[in-house]
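These notes concern the structure reproduced below.
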Amino acid sequence: MIKDHPVMTTLVDGDRLWRFVDFTKFVSMLDSNALFFTRCDRLADKYEGTYSRPTFESERQLLTSMSNMPRELIKSHLPRTESLMRRRIFLNCWHINEFESAAMWHLYLKSDEGVAIQTTFKRLRESLSECPLDIYATKVQYLDYDQHAMPFDNALIPYTSKRLSFQHEREMRLIFLDIAKEPIKDGGTFEDLPFNFDPSAPGCPIAVDLDKLIERVFVAPSLDPWIDPLVKNVMKRYGIEKDVVKSDINGAPLR
């Protein structure tokens with residue numbers, strides 16, 4: 001289920017959310033009854049899950065002052081910790097906006113054949129109420145990674161932030177940490193903890209109640225009109241009967 005987290009920016013039930021996906025991914029979601037969570041280190045932005053420069057430097061200074069660790073080990077400690085965490089953090093991302101976004105259509109679709117799932121945070125939360133995982137939801141904070149120091153008191157902090165160049169995304173993300181609930185064996189480290197999911201896979205599907213999740217589905221503005229009933233019929237085959245709306249982003253102005 002979705003849980004609150006003290007270091008994350010929480011949402012309210014009425015926040016409207018959008019997920020823009022290619023049609024094939026949409027059908028895959030219907031077929032699996034699941035949302036796909038991507039492993040953090042498989043995302044395109046290599047800054048995902050990393051600390052800002054001021055935080056990075058402060059941590060190195062702290063390690064230097066508190067331990068006898070060799071300088072080379074101190075230098076590699078934080079990057080290694082980030083790398084280990086990035087393999088265990090899984091994310092599912094949404095766009096927060098009261099209305100559909102022309103920029104998001106272009107940003108998230110690999111082709112013109114796509115849809116946008118419209119929902120609310122309340123619907124999203126209810127659709128995952130039976131999920132046994134501890135999933136956290138947060139609005140992404142956009143920071144200057146050269147100037148802004150991040151808090152260093154929680155391992156999930158780097159996954160709640162992105163660089164200022166991405167602020168147009170207005171992103172909300174679901175986050176969970178993949179650690180099997182088994183004790184570390186004597187002499188073991190964090191790296192030795194087993195995974196719940198296949199560590200070689202780019203991500204994992206998490207079961208969701210699609211009927212609760214989906215409010216409406218918007219069809220990409222560039223698609224021909226005959227696609228609208230096709231999308232509706234495909235959804236119906238999977239037991240999902242929701243309004244299918246043609247995006248009017250490219251609509252003609254009044255004359």
Pull out the extension gain between R87 and Y238, defined as 0.36 nm times the separation in residues minus the alpha carbon to alpha carbon distance; nm, one decimal. 51.1 nm
When the chain is fully extended, how far beyond the present Cα-Cα distance does A149 get from V12, taking 0.36 nm per residue of separation? 46.6 nm
Per 0.36 nm of contour for each residue apart, how much would the distance between T64 and I249 grow if the chain were fully extended, relative to their Cα-Cα spacing? 61.1 nm
Taking R0 as 30 Å, what FRET efficiency do you get between A103 and E130 from their Cβ-Cβ distance, rounded to the nearest 0.05? 0.30
With Cβ to Cβ distances under 9 Å as the rule, what net charge do the other residues near N92 carry (K, R +1; D, E -1)? +2
Can you pull the one-decimal nm distance between simple spin-label points at D31 and E57, each 7 Å off the Cα toward Cβ? 5.1 nm
Local electrostatic count at S52 - Lys and Arg +1, Asp and Glu -1, tallied over other residues with Cβ under 10 Å: -1
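Only the coordinates and a few stated rules stand behind these numbers; no lab work does. Predicted model only: the values in this text are computed from it and were never measured. Cβ sites come from the backbone with ideal geometry, for glycine too, and all protein chains shown count toward neighbours.
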